[in-house]
Amino acid sequence: MSRCAFRHAATVACLGLALVAGLPALAAPTAAPEVAWLSAGADADVERAFAQARGESKPLLLYWGAKWCPPCNHLKATLFNRQDFIERSRAFVPVYVDGDLPGAQKLGARFKVRGYPTLILFSPQGSEITRLPGEVDAPQVMRVLQLGLAGGRPAKAVLADVRAGKPITANEWRMLAFYSWDTDEGELVAEAERAALLVTLAAACPSAEVETATRLWLKALAASDDAKGVKADDALRARVARVLADPAASRAQMDVLTNAADEIVRALGGGAKQRAVLVAAYDKAMQRLEADTTLSRADRMGALIARIDLARVDLPKDAKDVKLPPPLVRDVRAHVARADREITDGYERQAVITAGAYALTQAGLGPESDALLKANLAKSHSPYYLMSALAGNAKARGDKAEALRWYEQAYAKSEGPATRLQWGASYVSALVDLAPQDAQRIERAASQVFAEAGAQQGAFYERSARSLQRVGKKLASWNAGDAHADVMRRLQAQLTPVCAGQPAADGQRAACEALLRGGPAA
C-alpha cells in the first residue's frame with residue numbers, strides 16, 4: 001500500500017458507547033502460520049532471538065507493528081503470506097514486536113522505531129544492516145531483502161563511504177535508494193538533514209544506474225519544500241517527465257510517485273503552463289497504475305488517492321468545499337465500491353477500506369465516506385480505527401457533538417496498552433478543541449488516561465510517552481492563565497504517585513513529571 005494512503009489514514013488515528021446494535025465484531029485474522037515469528041515484548045525476548053541468530057549464523061528480521069495499523073495489515077495481506085517470503089524466512093530469524101505488548105515501547109526506544117510498520121534487518125552479530133521499505137510492493141521488498149541477506153554491508157557503512165568519496169557497488173547504491181528513509185528515526189541522518197542528503201546521493205549516483213538515480217531524485221523531491229532539498233531545474237523536470245511517460249519506469253517507481261504526488265509537483269516548480277502539463281502527465285501515469293492488476297488493491301487505491309491529491313494541488317490542504325472534475329469523482333466512487341465489494345481478506349480490508357474512506361472524503365464525498373466506514377465496522381478486527389475516521393469526518397464538517405461521540409466510542413473500544421493511550425490522547429485533545437467549556441468531561445477523560453498509564457509497564461517510552469505528552473500539552477494550553485487550576489491540581493495529585501513509581505535512571509520519571517508542565521517526554 002502506498003505511504004500516501006497510510007499517511008493520511010494514520011493522521012486520522014493519531015485519536016463507552018456500544019457498537020452499532022446487532023453487528024458483532026469479527027474475530028481478528030491470524031498471522032500466516034508458515035512464518036515462524038518469534039514474539040518479543042522485552043529485552044530478554046530479543047536477546048534470546050539474537051542468540052538464536054548467532055547460533056544459526058542467520059540474520060535477524062525485526063518487524064515492529066500493531067493490530068490496527070493499515071500498512072501493517074497490508075504487509076500481512078501482500079508480503080508475509082507470499083510463498084517466496086515464507087521460504088526466505090527460513091534463512092533469517094523473524095521477530096515480531098507488537099507495539100501493544102507490555103514492554104514493547106521500551107524496545108521501540110532501544111531500536112529507534114516509532115512508526116508502524118518498521119522492518120529492520122540485522123546481521124547475526126546484531127548490527128543493523130538496513131531498514132526495509134514497507135511501502136513498496138512485495139516483489140521490490142523481496143529484492144531489497146535479498147540484498148541484505150546476501151551479505152550486504154550495513155547501510156551506515158555504505159553511506160559513510162559515499163560521504164567520504166569512496167566508490168560503492170551498484171547493489172549498495174540500490175540499498176541506499178530503497179532504504180526506508182521515512183522510518184530512519186535519525187539512525188543514518190537527522191530528519192532536518194534528510195532532504196539535503198538525498199540530493200547529495202542522487203547527484204553522486206553513477207549515471208549508468210538510471211533507475212537507482214531516478215529513485216533517489218524522486219525521494220529527494222518528495223522530502224523537499226521551498227526551504228530545503230532540491231532546487232529543481234529543467235533537466236530534473238525532464239527526468240520526471242520521462243518516468244511518467246514510460247509505463248515500465250513509472251511502475252518501478254510506483255511507491256514514490258503515488259506516495260508523494262503533490263509534494264513532487266510542488267517541488268518541481270515551474271510556471272503555470274509547465275505545472276499544467278506536468279499534472280496532466282502525472283495523472284495519466286496514475287491512471288495506468290490504478291488499472292494495473294499486477295499491483296495490490298491497496299497500491300491501486302494509493303494511485304487513486306494520488307490523482308485526488310493532484311487535482312487538489314493548488315487548494316489548501318484542509319479545503320472542505322471541494323469540486324473535483326466529475327470523471328475523477330466517478331472513478332473514486334466506482335473504485336472504492338469495487339474494492340468494498342471484492343475484498344474477502346480481513347487484513348486487506350483493514351488496509352484498503354480505510355484508504356478508500358479517506359479518498360471519498362478528499363473527493364468531497366463525506367457522507368459516502370461515513371457510510372463506507374459504518375458498513376465496515378462489523379467487518380474490522382480493529383473497528384476503533386474506523387471510528388476515529390468517522391470522528392475526523394464529523395469534525396471536518398463542523399459536527400462537534402457527533403465527532404466527540406465517535407472519539408469517545410473509539411477510545412472505549414480500543415485495545416492494547418499503547419493503543420489505548422494513543423486513542424485516549426486523541427479523545428482528550430478532541431474534547432479540549434471541541435468542548436473546552438466541558439471541564440468535567442475533560443477531567444474525567446484525562447484522569448482515565450493517567451490511571452491507565454499508571455497501571456502499565458513502560459507507559460513513558462516511545463509512542464506511549466508521546467501520547468501522554470500530547471495530553472499534557474493540550475491540558476496546559478486549556479489551562480492558560482490558570483483558567484482551570486482546580487482541575488489541574490486534582491490531575492497533578494493523581495499523577496504524582498504515578499511518577500514516583502517510575503524508574504528514574506532511564507528518564508521515565510522525568511517524562512512523567514513533565515506532563516502537566518507541557519514539557520518533553522523522554
Check: Of all the C-alpha pairs in the stretch 418-522, what % are more than 21 Å from each other?
Finding: 24
Next item on the list: Quickly rank 38-45, 233-240, 249-256 as a protection proxy: mean count of other C-beta atoms within 10 Å, highest first.
Entry: 249-256, 38-45, 233-240
Check: Rg and Dmax of the chain, using alpha carbons, in Å: what are they?
Finding: 23.2, 68
Notebook entry, point to check: Taking the simple approach of a point 7 Å from Cα along Cα-to-Cβ for both A190 and A204, what is their distance in nm?
Noted result: 1.9
Check: Based on the Cα gyration tensor of the stretch 457-499, what are the three equivalent ellipsoid semi-axes, each the root of five times an eigenvalue, rounded to whole Å and given largest first?
Finding: 21, 14, 5
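Identify the trypsin sites (Lys or Arg not before Pro) of the stretch 433-522 meeting these criteria: DSSP loop state and at most 16 other C-beta atoms within 10 Å of the C-beta.
Passing sites in the stretch 433-522 do not exist.
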Notebook entry, point to check: Can you pull the accessible area of F178 for me, 1.4 Å probe, Å² to the nearest 10?
Noted result: 10
Check: Residue by residue through the stretch 99-107, which ³J(HN,Hα) values in whole Hz follow from phi under the Karplus form 6.51 cos²θ - 1.76 cosθ + 1.60 (θ = phi - 60°), with glycine and proline marked x?
Finding: x, 9, 6, x, x, 5, 5, 5, 5
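Over the chain, with every protein chain in place, what whole percent of the accessible area is carbon and sulfur at 1.4 Å, could you tell me? Write down the numbers at each step before the final one.
Numbers: 11350 of 20910 Å².
Answer for the chain: carbon and sulfur cover 54 percent of the accessible area.
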Check: Along the charge dipole of the chain, which of S180, A203, Q140 sits closest to the positive end, that is, farthest toward it, with unit charges on the beta carbon of Lys, Arg, Asp and Glu (+1, +1, -1, -1)?
Finding: A203
Notebook entry, point to check: If you place +1 on the Cβ of every Lys and Arg, -1 on the Cβ of every Asp and Glu, and leave all else neutral, what size is the dipole of the chain about its Cα centre, to the nearest 20 Debye?
Noted result: 360
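What does the highest-first list of 333-342, 78-87 look like by mean Cβ count within 10 Å? Mind showing how you got there, number by number?
Numbers: 333-342: 15.6, 78-87: 17.3.
Ranked from most to least packed, the peptides come out as 78-87, 333-342.
Looking at the chain only, what percent of DSSP beta bridges run antiparallel? Nearest 5 please. Spell out each step's value before the answer.
Working: 10 of 18 bridges.
Rounded to the nearest five, the antiparallel share is 55 percent.
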Notebook entry, point to check: Which net charge results when you count Lys and Arg as +1 and Asp and Glu as -1 among the other residues whose beta-carbon is under 14 Å from that of G454?
Noted result: 0
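The values are calculated or read from the model by the stated rules, or taken from the named source; none is laboratory data. Just so it is clear, the structure is predicted and the values come from calculations on it, not from any experiment. Please note: Cβ atoms are built from the backbone with ideal geometry, for glycine as well, and neighbour counts cover all protein chains shown. Each accessible area value is taken on the protein alone, full model and side chains, heavy atoms only, with ligands, DNA and RNA left out. Shrake-Rupley method; radii C 1.70, N 1.55, O 1.52, S 1.80 Å.
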